[in-house]
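Just below is one structure, and these are the notes that go with it.
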Amino acid sequence: MTRFPRIFYIMDRKQENNNSPDTIPPAMECLRCGTCCTRHQAFVTPEEIARITAWLGISRDEWMERYDDLRWRHSQYNLIRHVDGACAFLEFRDGLATCAIQPVKPACCSTWEPRPDKKECRTGLEKAKKNEVR
């Protein structure tokens, strides 16, 4: 398997953690801490780029200039650029993380399932305990 730089994988976390289906913790409510959006770069397919650019009302060239991580040219996927250490579409409103392209966000983001066994979610729980979230 090719190693990719900190991007979301659409893969079964059971395989990653070598857990059986019986030992995987249940999903939890997203705390909207934004940690997953800072630790990972979302990958997008050409079809997702077309959907996002149509929704944003920009051209493919504008997408490439503003949002595409030009360092990534290893497959059919593109990476969404990080700006100031986070996804270019991550916004915070009233202390909660939100996605600026929520209605058309990529599959790797929409299929992300918050669970307490994920490092990102444990970080979010720690932030919540410190009242940094909500």
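The values are calculated or read from the model by the stated rules, or taken from the named source; none is laboratory data. Just so it is clear, the model here is predicted, and its values are computed rather than measured. Here Cβ is always computed from backbone atoms with ideal geometry, including for glycine, and neighbour counts include all displayed protein chains.
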Among (1) of a type in the set (Phe, Trp, Tyr); (2) free of Cβ contacts under 8 Å to residues at least 60 places away in the same chain; (3) surrounded by fewer than 19 Cβ atoms within 10 Å (Cβ to Cβ) - the single one residue 89 does not satisfy: (3)
Qualifying residue in region 87-94 (condition: at pLDDT below 95, touching a strand residue (DSSP E or B) at 6+ places or on another chain (Cβ under 6 Å) and charged (D, E, K, R)): no
Any hit, region 116-130, residues being in contact with a strand residue (DSSP E or B) (Cβ under 8 Å, 6 or more places away or on another chain), acidic (Asp, Glu) and surrounded by 14 or more Cβ atoms within 10 Å (Cβ to Cβ): no
Candidates 80, 101 - the one that is within 16 Å of residue 42 (Cβ to Cβ), in contact with a Cys (Cβ under 7 Å, 6 or more places away or on another chain) and among the β-branched types (Val, Ile, Thr): 80
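Suppose we filter region 45-79 for residues that are over 15 Å from residue 105 (Cα atoms) and either at pLDDT below 95 or in a helix (DSSP H, G or I) (or both); how many remain? Spell out the reasoning first.
As a first pass, look at region 45-79 and keep what is over 15 Å from residue 105 (Cα atoms): 58-62, 64-66, 69-76.
Next cut, either at pLDDT below 95 or in a helix (DSSP H, G or I) (or both) only: 60-62, 64-66, 69-76.
Result for region 45-79: 14.
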Considering residues of region 83-98 that are in a loop (DSSP other than H, G, I, E, B) and acidic (Asp, Glu) only, the residue farthest from residue 40 (Cα to Cα): 94
The one condition in (1) touching a residue at least 40 places away in the same chain (Cβ under 8 Å); (2) touching an Asp or Glu at 6+ places or on another chain (Cβ under 7 Å) that residue 78 fails to fulfil: (1)
Odd one out for residue 30 among (1) surrounded by 14 or more Cβ atoms within 10 Å (Cβ to Cβ); (2) in a helix (DSSP H, G or I); (3) not β-branched (Val, Ile, Thr): (2)
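Just one of 134, 32 is in contact with a helix residue (DSSP H, G or I) (Cβ under 9 Å, 6 or more places away or on another chain), at positive phi and modelled with pLDDT under 90; which is it?
On the way: 32 fails: modelled with pLDDT under 90.
The conditions single out 134.
Could you list all residues from region 95-107 that are more than 13 Å from residue 31 (Cβ to Cβ) and modelled with pLDDT under 95? Working first, answer last.
Narrowing region 95-107 to residues more than 13 Å from residue 31 (Cβ to Cβ): 99-107.
Result: no residue meets the conditions.
Does region 108-115 include one or more residues that are over 27 Å from residue 129 (Cα atoms) and surrounded by 19 or more Cβ atoms within 10 Å (Cβ to Cβ)? Full working, then the answer.
Narrowing region 108-115 to residues over 27 Å from residue 129 (Cα atoms): 108.
In the following step, the residues that additionally are surrounded by 19 or more Cβ atoms within 10 Å (Cβ to Cβ) were identified as 108.
Within region 108-115, one or more residues are over 27 Å from residue 129 (Cα atoms) and surrounded by 19 or more Cβ atoms within 10 Å (Cβ to Cβ).
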